[in-house]
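Everything on this sheet refers to the single structure shown next.
Please treat every number below as a calculation from the coordinates, not as lab data. Note that the structure is a prediction, hence the values are computed from the model and not measured. Methodologically, a virtual Cβ is constructed for each residue, glycine included, from the backbone with ideal geometry; neighbour enumeration extends over all protein chains shown.
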Amino acid sequence: MVKDYGGLEKADWKAISKVAGLTERECLGTFRRMFVPTRRMTYWTRDEEDRLVQSLRKQRQYWDGTYSWVKAAIDVGKFTNRQCYYKFYNSVKIRKAVEQPRSNTLPSTVEE
């Protein structure tokens, strides 16, 4: 559909949104999440989980009560800010590792 409405560079998101029945922002967001090849749509590796934990711990040093999921996504690489957010909130193992700054990696014995 994007090709029919100007391609990626000049896509007419307003026209696409009318056809799709969504807002322009929703259409663009869906396209970026689903079809941009620089993002991963697979399982997380142990190394990527460790980088997420380290990023969030680094942010806790200057914590004002929220995390920057954009910064976390940049630190982890290949995952969107939304994927990092959901990984954190859906994983007990990740949350516990962020709260317990004794080690720079995930505990191997904690089960989800």
- Item | Efficiency of FRET from Cβ geometry, K14 and R95, R₀ 35 Å, rounded to 0.05 | 0.30
- Task: Please give the FRET efficiency for T45 paired with Y85, using the beta carbon to beta carbon distance and R0 = 25 Å, rounded to the nearest 0.05.
- Result: 0.85
- Query: Check F79: other-chain or 5+ apart residues with amide H under 5 Å from its amide H, H built from backbone geometry?
  - Reply: R40
- Item | Approximate spin-label separation T66-F31, in nm, with each point projected 7 Å along Cα-to-Cβ | 2.7
